[in-house]
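Chemist: Handing you this structure, nothing more for now.
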Amino acid sequence: MKKTLLAVTSLSLLAACSSTQTVEQAQQFAPCTFPDSPTSEAPAWVCDVIPTDLAAGALGYAKKSAAGIGVMRKVAVNDARVQLAAQFQTDVSNMFKQAVESSVNTSTEQGAIENVVETFESVTKNVVSRSLTDSKLIVSQVSPAGGLYVLVGMDKQAYQANINEVVDAASQEQKLWHQFNGEKATEDLTNALNSLKAM
């Protein structure tokens, strides 16, 4: 009897919780704290909650240094830019893969599609390693332990400009076009590249 009552009570509580929570309440994050000072509350961006007016952002960190805040800022910003570049590269490669899979003629060989995706990923890596333009320091915060946290990001316009740079470089890459034979396949690839520029 006690087990049945306990089970019914538990189910009632679960049902009540699930029926009274809004989407906003369900997505609220646990309080954010600084990783180097876990008892101190931190801004949400320190816990990777990227502001909605940024298309992409990354967190950088520099530990407290006797060299001063200027050196710490350079270290933290470089750390964030490396992570932002890796994130951007992955995002653009995934978008291109989706565009190719949805645009390319189904009669095209799977191996050719894979080669095109790999070539595009290589082009993206080369472009990103040369320069990821218009990323900037958005905000910084010193933790109670003395470490410096920074958020580096790109707004939607800067993000799209970087995508366009990758697409322009890919359009010039002969290896990308040699994978496909035929007018229709070339048209498909052109459409896939253009879809990235139209985002």
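The values are calculated or read from the model by the stated rules, or taken from the named source; none is laboratory data. Quick caveat, the model's predicted, so the values are computed rather than measured. We place every Cβ from the backbone using ideal geometry, glycine too, and count neighbours over all the protein chains shown.
Chemist: Taking ILE163 and the conditions (1) surrounded by fewer than 18 Cβ atoms within 10 Å (Cβ to Cβ); (2) β-branched (Val, Ile, Thr); (3) part of a helix (DSSP H, G or I); (4) at pLDDT 85 or above, which numbered condition does it fall short on, given that it satisfies the others?
Modeler: Against the list (1) surrounded by fewer than 18 Cβ atoms within 10 Å (Cβ to Cβ); (2) β-branched (Val, Ile, Thr); (3) part of a helix (DSSP H, G or I); (4) at pLDDT 85 or above, ILE163 comes up short only on (1).
Chemist: Do we have any residue at all in the range 38-58 that's in contact with a helix residue (DSSP H, G or I) (Cβ under 6 Å, 6 or more places away or on another chain) and aromatic (Phe, Trp, Tyr)? Step through it out loud before you land on a result.
Modeler: Here is the first cut: in the range 38-58, the ones in contact with a helix residue (DSSP H, G or I) (Cβ under 6 Å, 6 or more places away or on another chain) are 55-56, 58.
Then keep just the ones that are aromatic (Phe, Trp, Tyr); that gives none.
Looking through the range 38-58, none of the residues is in contact with a helix residue (DSSP H, G or I) (Cβ under 6 Å, 6 or more places away or on another chain) and aromatic (Phe, Trp, Tyr).
Chemist: Determine the pairs where a residue that is within 17 Å of PRO35 (Cβ to Cβ), located within the range 54-70, has a partner that is of a type in the set (Ser, Thr, Tyr) with Cβ atoms under 6 Å apart, the partner being 6 or more residues away or on another chain.
Modeler: TYR61/TYR149
Chemist: Also: Inspect the range 55-69 for any residue being surrounded by 18 or more Cβ atoms within 10 Å (Cβ to Cβ), in a helix (DSSP H, G or I) and over 14 Å from the mean Cα position of the chain (by Cα) and give the result as yes or no.
Modeler: To start, the set of residues in the range 55-69 that are surrounded by 18 or more Cβ atoms within 10 Å (Cβ to Cβ) comprises 55-62.
Still in the running and in a helix (DSSP H, G or I): none.
There is no residue in the range 55-69 that is surrounded by 18 or more Cβ atoms within 10 Å (Cβ to Cβ), in a helix (DSSP H, G or I) and over 14 Å from the mean Cα position of the chain (by Cα).
Chemist: Just one of (1) surrounded by fewer than 18 Cβ atoms within 10 Å (Cβ to Cβ); (2) touching a strand residue (DSSP E or B) at 6+ places or on another chain (Cβ under 9 Å); (3) not charged (D, E, K, R) trips up SER129, so point out which.
Modeler: (2)
Chemist: Could you check how many residues of the range 44-54 are part of a loop (DSSP other than H, G, I, E, B) and either over 12 Å from the mean Cα position of the chain (by Cα) or surrounded by 15 or more Cβ atoms within 10 Å (Cβ to Cβ) (or both)? Before you say what the answer is, go through the steps one by one.
Modeler: Restricting attention to the range 44-54, the residues satisfying the condition of being part of a loop (DSSP other than H, G, I, E, B) are 48-54.
Now drop any that are not either over 12 Å from the mean Cα position of the chain (by Cα) or surrounded by 15 or more Cβ atoms within 10 Å (Cβ to Cβ) (or both), which leaves 50-54.
Result for the range 44-54: 5.
Chemist: Now for a different question. State all residues of the range 24-48 that are at pLDDT below 90 and closer than 29 Å to GLN157 by Cα; if no residue qualifies, say none. Break it down stepwise before answering.
Modeler: Of the residues in the range 24-48, the ones at pLDDT below 90 are 24-31, 48.
Passing the criteria: GLU24, GLN27, GLN28, PHE29, ASP48.
Chemist: Please verify whether ASP36 is surrounded by 14 or more Cβ atoms within 10 Å (Cβ to Cβ) and touching a Phe, Trp or Tyr at 6+ places or on another chain (Cβ under 7 Å), treating the condition exactly as stated. So that I can check it myself, show each step before the final result.
Modeler: Details: surrounded by 14 or more Cβ atoms within 10 Å (Cβ to Cβ): yes; touching a Phe, Trp or Tyr at 6+ places or on another chain (Cβ under 7 Å): no.
The answer is no for ASP36.
Chemist: Looking at (1) polar (S, T, N, Q); (2) under 19 Å from the mean Cα position of the chain (by Cα); (3) modelled with pLDDT under 90, which is the one condition that is false for ASN78?
Modeler: So ASN78 meets the others, but not (3).
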